[in-house]
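Visitor: Once you've had a glance at the structure underneath, I'll fire off some questions.
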Amino acid sequence: MSAYLSIDDVGITFQTEKGSFRALDHVNLKVDKGEFISIIGHSGCGKSTILNIVAGLLQATEGGVLLENREVDSPGPDRAVVFQNHSLLPWLSVYDNVALAVDKVHSKTKSKEERHAWIMHNLQLVRMDHAKDKRPGEISGGMKQRVGIARALAMEPKVLLLDEPFGALDALTRAHLQDSLLEIQRRLGNTVMMITHDVDEAVLLSDRIVMMSNGPAATIAQVLKVDLAHPRRRVELADDPTYNHYRAEVLRFLHGHAPASVAA
Amino acid sequence: MTMVTTPTQIKEAAEAAPVSRPSAPSEMTKKIRHVAAITLPPLIGLIILLGLWELACQTKGAMLPPPSKVLADTKELILDPFFDNGGTDKGLFWHLSASLQRVAMGFSLSAVVGILLGMVIGQSQLAMRALDPIFQVLRTVPPLAWLPISLAAFKAADPSAIFVIFITSVWPIILNTAVGVRNIPQDYRNVAAVLRLSPVEFFAKIAMPASVPYIFTGLKIGIGLSWLAIVAAEMLIGGVGIGFFIWDAWNSSLMSEIILALVYVGLVGFALDRLITVIGKKVSG
Ligand SMILES: Nc1ncnc2c1ncn2[C@@H]1O[C@H](COP(=O)(O)OP(=O)(O)O)[C@@H](O)[C@H]1O
Ligand SMILES: [Mg+2]
């Protein structure tokens with residue numbers, strides 16, 4: 001049986017002004033439907049590059065990505081992306097930002113009323129329906145990221161791609177959003193690939209944690225399966241030996257793979 | 001309101017009528033002070049300038065009439081801008097309005113063409129490389145240099161004048177719009193790519209709103225150039241228009257009328273500039 005999402009022997013070489021740069025080398029990963037995968041690694045190792053290849057925003061130099069046995073060669077709403085800096089359009093209201101996606105993706109399958117209901121449903125899902133008429137400039141960073149998630153969920157993607165979605169947020173807001181994301185993902189059964197540099201975030205949310213070696217020619221060094229029962233509650237898990245074991249495992253990996261520039 | 005007043009206090013205050021109020025400045029005086037701070041300095045500047053001019057031109061052999069003489073000479077023109085004796089013997093309102101109509105047509109044309117062309121050029125690296133140097137050269141051609149070509153092509157005064165406005169003002173609109181499109185953040189392009197927006201949808205929903213500030217910079221430069229161009233062009237093509245009015249006054253040695261017309265030209269140009277700024281602020285929300 002073939003995997004739902006499969007990254008097959010992906011490598012990428014960037015042509016830059018200073019010559020060519022080998023960013024990724026022999027990256028292989030199979031993701032099942034409904035699985036939550038985190039990718040963790042030091043800054044600059046190539047996490048965003050992998051995500052962008054899966055999104056179709058970048059083309060792999062070698063190898064390829066298969067989603068439901070179809071080659072991924074261009075971006076599309078079946079692989080919705082939540083970008084680190086929210087990327088909401090500042091001239092549109094919260095509602096209209098989600099509507100832009102819904103009206104485009106569901107124009108054939110949903111009537112006008114159904115689309116409106118669907119927009120509101122997704123805003124409620126991230127608890128942002130109260131601010132639907134606000135502009136992105138009028139809401140906090142955490143709220144923007146919620147709207148970004150609502151916009152992505154509203155596309156009903158086969159895979160939800162998140163690039164350090166909570167990286168720029170304060171710890172408390174981040175914890176809230178992690179809980180929301182986990183709860184929504186459990187309920188809807190989305191397949192998720194999330195980039196993070198936060199160990200707790202990775203262990204709390206993931207079914208598997210993909211740990212990357214440092215670049216150049218970065219690749220997947222280790223994959224950790226997280227066998228923690230759901231629902232996962234952060235307060236209870238704080239004293240859980242299994243949780244702390246996973247946490248230590250990831251920390252040890254990151255520590256053992258400190259980037260050369262730090263060691264020097 | 002900064003103070004809380006109960007009904008009884010108001011009553012007391014009314015009864016004790018002319019008693020002086022507490023010394024804290026009220027909202028009203030604050031507003032007046034604010035308006036004064038904005039209007040007073042330019043007003044004082046103007047008075048000093050007019051005073052110097054008056055002094056400098058009081059002597060017998062002065063080449064320019066002093067402001068007092070300008071005012072006396074043009075009193076009728078100022079007070080009755082709406083007279084119409086047929087032909088080109090009309091009030092200043094009609095001259096200005098004729099010029100503004102030409103600007104409206106020429107500038108609308110250059111706004112539409114400039115924004116569309118700028119969008120297309122900004123999207124394509126190749127088009128930008130190919131056309132940018134040509135535009136950079138063409139935009140330095142002075143308005144009047146286009147007039148002979150324009151007259152040869154259209155063989156009529158009015159369309160030629162409108163064409164001159166168009167060709168003078170279109171370059172900054174194209175160039176600024178193109179820069180705006182090139183500066184659309186990669187994030188917005190990624191959103192468009194993930195949603196698979198068509199080129200037309202990308203243009204209408206992303207490129208256009210994202211480059212509004214740049215477009216309005218271009219429009220602002222463009223409207224200024226339009227106004228420069230029309231006044232100059234009208235001097236040559238004749239007919240009704242503020243440019244022709246100035247030329248006509250020069251031929252009749254009516255210095256005061258020229259000066260009055262220049263004041264109007266300046267004020268209208270300023271108003272046009274403000275108009276574009278205000279619209280730009282409205283559009284970008
Ligand atoms: N378009 C590009 N051209 C050249 N080099 C790039 C490009 N995109 C990324 N890189 C390089 O590839 C490496 C991985 O980048 P990235 O995937 O953004 O890292 P991460 O997301 O893990 O921090 C970095 O060294 C970066 O400089
Ligand atoms: Mg990154």
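Visitor: Cα convex hull of chain B: mean projected area in nm², to one decimal?
Guide: 26.1 nm²
Visitor: Let me ask you something else. If you place +1 on the Cβ of every Lys and Arg, -1 on the Cβ of every Asp and Glu, and leave all else neutral, what size is the dipole of chain B about its Cα centre, to the nearest 20 Debye?
Guide: It works out to roughly 980 debye.
Visitor: Moving on to the next point. Suppose a student asked you for the relative contact order of chain B, using Cα pairs under 8 Å spaced at least 6 residues apart; what percent would you report?
Guide: 20 percent
Visitor: Let me ask you something else. Full-extension gain between residue A:234 and residue A:28, please, as 0.36 nm times their residue separation minus the C-alpha to C-alpha distance. Walk me through the intermediate numbers first.
Guide: On the way: separation 206, 0.36 × 206 = 74.16 nm, distance 3.08 nm.
That works out to 71.1 nm of additional length.
Visitor: Related question: Checking the a/c ratio against 1.5 first, then a/b against b/c, what shape does the Cα gyration tensor give for the stretch A:39-92? Numbers along the way, then the final one.
Guide: Numbers: a/c = 2.37, a/b = 1.24, b/c = 1.92.
Taking the square roots of the gyration eigenvalues as a ≥ b ≥ c, the stretch A:39-92 is oblate.
Visitor: Measuring from centroid to centroid over Cα atoms, what is the spacing of the stretch A:194-264 and the stretch B:156-225 in Å?
Guide: 47 Å
Visitor: Label-point separation (nm) for residue A:17 and residue B:129, each offset 7 Å from Cα along Cα-to-Cβ?
Guide: Computed distance between label sites residue A:17 and residue B:129 equals 1.5 nm.
Visitor: Along the positive direction of the dipole of chain B (beta-carbon charges: Lys, Arg +1; Asp, Glu -1; about the Cα centre), which of B:280, B:188, B:45 reaches farthest?
Guide: Result: B:188.
Visitor: Quick check for me: using +1 on Lys/Arg Cβ and -1 on Asp/Glu Cβ, what's the dipole size of the protein assembly as shown about its Cα centre, in debye to the nearest 20? Present the calculation step by step, with values, prior to reporting the outcome.
Guide: Numbers: 51 positive and 50 negative charges, 64 e Å.
It works out to roughly 300 debye.
Visitor: Follow-up question, since we're still on this one. For the stretch B:45-62 and the stretch B:74-94, what is the separation of their C-alpha centers, rounded to whole Å?
Guide: A separation of 27 Å, based on Cα centres.
Visitor: How high is the relative contact order of the stretch B:138-285? Use alpha-carbon pairs under 8 Å, at least six apart in sequence, and give a whole percent.
Guide: Relative contact order of the stretch B:138-285: 26 percent.
Visitor: Among B:82, A:83, B:270, B:245, which comes first, then next, by fewest other beta-carbon atoms within 10 Å?
Guide: Numbers: B:82 9, A:83 23, B:270 12, B:245 30.
Lowest to highest Cβ neighbour count: B:82, B:270, A:83, B:245.
Visitor: Let me ask you something else. Arrange the following residues from fewest to most other Cβ atoms within 10 Å of their Cβ: B:277, B:140. Present the calculation step by step, with values, prior to reporting the outcome.
Guide: Numbers: B:277 14, B:140 9.
So the residues, fewest neighbours to most, are B:140, B:277.
Visitor: Out of every Cα-Cα pair in the protein assembly as shown, what percent are more than 34 Å apart? Mind dumping the intermediate values first?
Guide: Numbers: 89978 of 150426 pairs.
Of all Cα-Cα distances in the protein assembly as shown, 60 percent exceed 34 Å.
Visitor: Determine the dipole magnitude for the stretch B:82-219: charges of +1 sit on the beta-carbon of Lys and Arg, -1 on that of Asp and Glu, nothing else is charged, the reference point is the Cα centre, and the result goes in debye to the nearest 20. Please report the intermediate quantities before stating the final value.
Guide: Values: 9 positive and 6 negative charges, 71 e Å.
In debye, rounded to 20, the stretch B:82-219 gives about 340.
Visitor: With every atom except the alpha carbons ignored, what do you get for Rg and Dmax of the stretch A:199-264, in angstroms?
Guide: That works out to 13.4, 43 Å for Rg and Dmax.
Visitor: Okay, moving on. Provide the percentage of antiparallel DSSP beta bridges, counting only those with both residues in chain A; round to the nearest 5.
Guide: Here the antiparallel bridges make up roughly 50 percent for chain A.
Visitor: Which FRET efficiency, nearest 0.05, do residue B:255 and residue A:92 yield, Cβ-Cβ r, R0 56 Å?
Guide: About 0.50, to the nearest 0.05.
Visitor: While we're here: How high is the FRET efficiency from residue B:36 to residue A:176, r the C-beta distance, R0 45 Å, rounded to 0.05?
Guide: Computed FRET efficiency for residue B:36 and residue A:176 comes out at 0.35.
Visitor: Cα-Cα pairs above 34 Å in chain A: how many percent?
Guide: 19 percent
Visitor: Based on the Cα gyration tensor of the stretch B:79-181, what are the three equivalent ellipsoid semi-axes, each the root of five times an eigenvalue, rounded to whole Å and given largest first?
Guide: Semi-axis lengths for the stretch B:79-181 are 34, 15, 10 Å.
Visitor: Could you compute the FRET efficiency for residue B:281 and residue B:85, with r as their C-beta to C-beta distance and R0 at 45 Å, rounded to 0.05?
Guide: In this case the efficiency is close to 0.60.
Visitor: Work out the charge dipole of chain A with +1 on the Cβ of Lys and Arg and -1 on the Cβ of Asp and Glu about the Cα centre, then indicate which of A:20, A:231, A:31 is farthest towards its positive end.
Guide: With unit charges placed on the Cβ atoms, the residue in question is A:231.
Visitor: Same structure again: Quick one: length gained pulling residue A:130 to residue A:225 fully straight, 0.36 nm per residue minus the C-alpha distance?
Guide: 30.4 nm
Visitor: A follow-up question, please. Taking the Cα of residue A:110, stepping 7 Å toward and past its beta carbon, and measuring to each backbone N in the stretch A:118-146: which are under 18 Å?
Guide: Backbone N within reach: A:118-133, A:146.
Visitor: With Cβ to Cβ distances under 13 Å as the rule, what net charge do the other residues near residue B:250 carry (K, R +1; D, E -1)?
Guide: Neighbour charge sum, excluding residue B:250 itself: -3.
Visitor: If you don't mind, there's one more thing I want to ask. Can you list the lysines whose alpha carbon is less than 30 Å from that of residue B:31, not counting same-chain residues fewer than 8 positions off?
Guide: Qualifying lysines at Cα under 30 Å: B:11, B:281, B:282.
Visitor: At a Cα cut-off below 27 Å, give the lysines reachable from residue A:110, other chains included and same-chain residues fewer than 8 away excluded.
Guide: Of all the lysines, those that pass the test against residue A:110 - Cα under 27 Å, at least 8 places apart if same chain - are A:33, A:132, A:134, A:144, A:158, B:205.
Visitor: Quick one: net charge around residue A:220, please, counting Lys, Arg +1 and Asp, Glu -1 for every other residue with C-beta under 13 Å from its C-beta.
Guide: Result for the neighbourhood of residue A:220: 0.
Visitor: Turning to a different aspect of this structure: Can you pull the three principal axis extents for the Cα set of the stretch A:122-264, in Å, largest first?
Guide: Principal-axis extents of the stretch A:122-264 (Cα, largest first): 50, 34, 30 Å.
Visitor: Something else now. What is the distance in Å between the Cα centres of the stretch A:141-158 and the stretch B:114-137?
Guide: 36 Å
Visitor: For the stretch A:1-83, state the semi-axes of the equivalent ellipsoid (square roots of 5 times the eigenvalues of the alpha-carbon gyration tensor), sorted largest first and rounded to whole angstrom. List each step's numbers first, then the result.
Guide: Working: eigenvalues 96, 38, 33 Å².
So the three semi-axes of the stretch A:1-83 are 22, 14, 13 Å.
Visitor: Another question about this same structure. Based on other C-beta atoms within 10 Å, arrange B:226, B:97 from fewest to most.
Guide: Ranking B:226, B:97 by Cβ neighbours within 10 Å, fewest first, gives B:97, B:226.
Visitor: Additional query: Within chain B, which whole H helices from DSSP have a Cα span along their axis of at least 30 Å and a mean Kyte-Doolittle hydropathy of -1.0 or more, if any?
Guide: Length and hydropathy pass: B:27-56, B:92-123, B:157-182, B:212-237, B:255-283.
Visitor: Here's another thing I want to ask about it. Take every Cα pair under 8 Å in chain A that's 6+ residues apart, average their separations, divide by the length, and report that relative contact order as a whole percent.
Guide: It comes to 25 percent, rounded to a whole number.
Where a number appears in this text, it was derived from the coordinates with a stated rule and is not lab data. All figures in this text were calculated on a predicted structure; none of them were measured in a lab. All Cβ positions, even for glycine, are placed from backbone atoms using ideal geometry, and neighbour counts span all protein chains on display.
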